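Data first, discussion second: the structure below is written as structure tokens.
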Amino acid sequence: MMRNNVTNQNEAAGTPPLPAKACGSDTPQFLNPFEKIQITQNRLPHWQQDGVTYFVTFRLADSIPADKLARWKSEREVWMRLHPPPWTAQVERDYLERFAHTTECWLDKGYGACLLRAGEPQRIVANALAHFEGQRHHSHAWVAMPNHIHALFSLIEGCQLETLIQSWKGFTAHEINRVTGRAGTLWERDYFDRLVRDSKHFWNCVRYIRRNPLKAKLQPGQYVLFESNFVLGVLNQQL
């Protein structure tokens, strides 16, 4: 696999590379437990702190079968009533094992139409993730999988997480529906996010993103991987 900032084997077939502004930042900012944490609630809890680094996952609406999702939501609702936020580190690990890891395994099985597997929808999403680089966020690493996105980035102070995610989802939904002639909901309404606690957590997220295509048994061209110069330099020294 190529180890450039953006890895996309479709470029060999004539798809132009991503804009040069997809260059990333070398300065992740970690969670400060002594500063104010804002907790918002949609269908998932979202913890926010100004200007810090996040690991975010969002997915296409058809990426998990309805029967599996209904059972998952029912079990999660009961668990959430018994474990209201804020969570301890142990409670958060339990949540991840029970619910987040389960959905990630389902995503990697390739359910749904997988509209991001190739072609113009894949390119639309990749360019959208790069669009606000240096204005609303600094990218460290991200991967556009056939039916979901993992992104590791630092927000620029003053930018709200939900604003950035909504801008990505809203624009890409409109453009993908336009070029494919489809209509209706593209993305699942909510998203999963975690505040990055420290350097160890950061590099675990980076490695997860890099390994996700291999874990899902994807072929070149079926995903787009971005890694900043800083991330590439550190990881390549370890290979």
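In order along the stretch 190-204, the Karplus-derived 3J(HN,Hα) couplings, from 6.51 cos²θ - 1.76 cosθ + 1.60 at θ = phi - 60°, round to 9, 8, 10, 9, 9, 6, 7, 7, 6, 4, 4, 4, 4, 6, 4 Hz, and Gly and Pro are given as x. Cβ-Cβ distance of Ala183 and Lys217, R₀ of 45 Å, FRET efficiency by 1/(1 + (r/R0)^6): the value works out to about 0.90. The simple spin-label model puts a point 7 Å past each Cα toward its Cβ; for Phe171 and Arg93 those points are separated by 3.9 nm.
Taking Lys and Arg as +1 and Asp and Glu as -1, the other residues whose beta-carbon sits under 13 Å from that of Glu175 total +3.
In this structure, the amide hydrogen of Glu188, modeled 1.01 Å from its nitrogen in the peptide plane, lies closer than 5 angstrom to those of Arg59, Leu60, Ala61, counting only residues at least 5 positions away or on a different chain. A simple spin-label model places the labels of Lys73 and Ala61 1.3 nm from each other, with each point 7 Å out along Cα-to-Cβ. Rg and Dmax over the alpha-carbon atoms of the stretch 140-239 stand at 15.3, 46 Å.
None of the figures in this text is laboratory data; all of them are computed from the coordinates on show. Because the structure is a prediction, the values reported are computed rather than measured. Cβ atoms come from the backbone with ideal geometry, glycine included; neighbour counts cover every protein chain shown.
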